[in-house]
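Every number here is computed from the coordinates shown, using simple stated rules; none is lab data. Since the model is a prediction, treat every value here as computed from it, not as a measurement. Here the Cβ is made from the backbone with ideal geometry for all residues, glycine too, and neighbour counts use every protein chain on show.
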Amino acid sequence: MCTAATYRTKDFYIGRTLDYEFSYGDEITITPRHYPFPFRHMGMRESHYAMIGMAHVAADYPLYYDAVNEKGIGMAGLNFVGNAAYQSVKPDRENVAQFEFIPWVLSQCASMTEVRELLSRMNLTGTPFSEQLPAAGLHWIIADASDCITVESMADGLRIHDNPVGILTNNPPFETQMFQLSNYMSLSPKQPQNTFAPELSLGTYSRGMGTIGLPGDLSSASRFVRAAFVKANSISGDSEAESVSQFFHILGSVDQPRGCCDVGEGKYEITLYTSCCNATRGIYYYTTYENHQITAVDMHRVELDGRELIRYEVIQGEQIRWEN
Ligand SMILES: C[C@H](CCC(=O)NCCS(=O)(=O)O)[C@H]1CC[C@H]2[C@@H]3[C@H](O)C[C@@H]4C[C@H](O)CC[C@]4(C)[C@H]3C[C@H](O)[C@]12C
């Protein structure tokens, strides 16, 4: 399971939890402007916008899971197993392999208007990266400070949905996720009034009773509702520290502790990492399952006009600050 979220204060933030039972070997990866991007069906792109995100680098190619570009657009891919269906190559379209989708968009779009226009010409193909890394069944969230969409490639073609909640999890398809929010529209951060039976003297015995009914389980449908509620009611100051802190709290509401999601053979799905990107400033913040200290990589502190990928290991292990 995974959950992605957007958040806006003075700057625009996008991030995700990456929930899985193993890591592919991830690195925070900056692709500078002149890294030659080879696209399987679209040729080489020698110059493009720079981007930063979490990627598995294979054969010097950044296989991004989530990233932002220097123009403030962010994107994340989340499992959509059983529903994702990719097309075969079509002669009259811009054919983009599923693993190239993040670089394809972030390398050339400076606004969501450009993203929407690009998608109208695109055909997402199931072309595998390699025999060892076949196409992953994903759907994506793409957003900037002003607009957010969900992209789902299904058997009937590419679906582009407005995403007014700025949240994405996994199955079911996005339209169904949005529909189920209606079931929860009476939830509130305020204490409830007795509309159950006004003649009964029902009282509140605890704070937070307006959220009774908010699903607490780990299913993707429930995480969608929970993250949507927490995000929609989030309040924080505008500063970087307050915004980043609040963002990690939003995604903390859907964190997966080891042991609660048994995937068989003694394995458990856990939140391997949580990211929060300041898309306005190109800063990638993250925590990992075993490192709750926020670590940051700033793309503007490196030479963005280079040709070589710049890679940072994911820092693991709790960093505990002793007070005595
Ligand atoms: C496993 C990850 C998704 C995690 C997730 O959504 N879990 C939910 C599980 S469930 O639905 O609830 O069962 C996805 C997100 C991004 C994916 C990676 C990226 O798409 C980049 C490449 C793409 C290649 O085709 C496959 C390897 C890969 C390196 C992918 C491996 C894996 O599928 C990743 C890491």
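Give me the extension gain from Ala232 to Arg321: residue separation times 0.36 nm, minus the current Cα-Cα distance, reported in nm with one decimal.
Values: separation 89, 0.36 × 89 = 32.04 nm, distance 3.26 nm.
Stretched out fully, the Ala232 to Arg321 stretch lengthens by 28.8 nm.
Excluding residues on the same chain fewer than 8 positions from Lys231, give the lysines whose Cα lies under 22 Å from its Cα.
Lys10, Lys190
Just the projected area, averaged over all directions, of the convex hull on the alpha carbon atoms of the chain: how many nm²?
Numbers: hull surface 80.3 nm².
Spelled out: convex hull of the Cα atoms, projected over all directions, averaged, 20.1 nm².
Hey, got the Cα dimensions of the stretch 39-127 along the principal axes, in Å, largest first?
Projected onto its principal axes, the Cα set of the stretch 39-127 covers 31, 26, 24 Å.
Once amide H atoms are built 1.01 Å from N in the peptide plane, which residues 5 or more positions from Tyr20, or in another chain, come under 5 Å H to H?
Ile270, Leu272
Cα convex hull of the stretch 97-162: mean projected area in nm², to one decimal? All intermediate terms of the calculation are to be shown ahead of the outcome.
On the way: hull surface 18.5 nm².
Result: a mean projected hull area of 4.6 nm².
For the stretch 58-180, treating each Cα as an identical point scatterer without solvent, what Debye log10 I(q)/I(0) comes out at q = 0.14, 0.15, 0.17 1/Å?
The calculated log intensity ratios at q = 0.14, 0.15, 0.17 Å⁻¹ are -0.56, -0.65, -0.85.
If r is the Cβ-Cβ distance from Leu202 to Glu175 and R0 is 45 Å, what FRET efficiency results, to the nearest 0.05? Each step should come with its number before you reach the end.
Details: r = 36 Å, r/R0 = 0.81.
For Leu202 and Glu175, the calculated efficiency is 0.80.
Taking amide H positions as placed 1.01 Å from N in the peptide plane, with prolines and chain starts having none, which residues 5 or more places from Ala279, or on another chain, fall under 5 Å of its amide H?
Here Phe12, Tyr13, Ile14 satisfy the definition.
Give the long-range amide H neighbours of Asn95: residues separated by 5 or more places, or on another chain, with amide H under 5 Å away, using H modelled in the peptide plane at 1.01 Å from N.
Residues meeting the criterion, in which the H sits 1.01 Å from N, are Asn123.
According to a simple spin-label model (label point 7 Å from Cα along Cα-to-Cβ), what is the distance in nm between Ser88 and Glu46?
3.5
Jot down the radius of gyration and Dmax of the stretch 141-235, Cα atoms only, both in angstrom.
16.6, 55
Explain nothing, just the number: relative contact order of the stretch 282-324, from Cα pairs under 8 Å at least 6 residues apart, as a whole percent. Each step should come with its number before you reach the end.
On the way: 36 pairs, mean separation 17.9, N = 43.
Across the stretch 282-324, relative contact order equals 42 percent.
Ignoring everything except DSSP H segments at least 4 long, calculate the 222 nm mean residue ellipticity for the chain; use -39,500 (n - 2.57) per segment, divide by total residues, nearest 500. If you can, show how the numbers build up before the last one.
On the way: 5 runs with 47 residues, N = 324.
Mean residue ellipticity at 222 nm (helix-derived): -4000 deg cm²/dmol.
Report the normalised scattering of the stretch 210-308 as log10 I(q)/I(0) at q = 0.11, 0.12, 0.21, 0.24 Å⁻¹, calculated by the Debye formula with identical scatterers on the alpha carbons.
-0.45, -0.52, -1.14, -1.29
Between Ser153, Ser219, Ser275, find the one with the highest GNM mean-square fluctuation for the chain; connect C-alpha pairs within less than 10 Å.
Of Ser153, Ser219, Ser275, the most mobile in the Gaussian network model is Ser219.
Taking 0.36 nm per residue of sequence separation and subtracting the Cα-Cα distance, how much length would be gained by fully extending the chain between Tyr312 and Gln108, in nm to one decimal? Mind dumping the intermediate values first?
Details: separation 204, 0.36 × 204 = 73.44 nm, distance 2.39 nm.
Additional length available on full extension: 71.0 nm.
Using θ = phi - 60° and the Karplus form 6.51 cos²θ - 1.76 cosθ + 1.60, what ³J(HN,Hα) does each residue of the stretch 7-14 get, whole Hz, x for Gly and Pro?
Each residue's phi maps through the Karplus curve to give 7, 10, 10, 5, 10, 10, 10, 9 Hz.
Alpha carbon centre of the stretch 85-117 versus the stretch 260-322: separation in Å?
So the two Cα centres are separated by 26 Å.
Quick one: Karplus J couplings for the stretch 27-34, per residue in order, coefficients 6.51, -1.76, 1.60, θ = phi - 60°, nearest Hz, x for Gly and Pro?
9, 6, 10, 9, 9, x, 4, 10
Could you give me the ³J(HN,Hα) list for the stretch 55-70, computed from phi with Karplus coefficients 6.51, -1.76, 1.60 and θ = phi - 60°, whole Hz, x at Gly and Pro?
Residue by residue, the stretch 55-70 yields 8, 9, 9, 10, 6, 6, 10, x, 8, 6, 9, 7, 6, 10, 9, 6 Hz.
Would you please state the base-10 log of I(q)/I(0) at q = 0.31 1/Å for the stretch 278-324, with intensities from the Debye formula using one equal scatterer on every alpha carbon?
Scattering profile of the stretch 278-324, log10 relative to I(0): -1.16.
Take every DSSP beta bridge whose two residues both sit in the chain, then give the antiparallel share in percent to the nearest 5. All intermediate terms of the calculation are to be shown ahead of the outcome.
Values: 67 of 72 bridges.
Around 95 percent of the beta bridges assigned by DSSP in the chain are antiparallel ones.
For the chain, set up a GNM with springs between Cα atoms under 10 Å and report which of Ser130, Ser245, Ser23 has the largest fluctuation.
Per the Cα network of the chain with a 10 Å cutoff, Ser130 tops the list.
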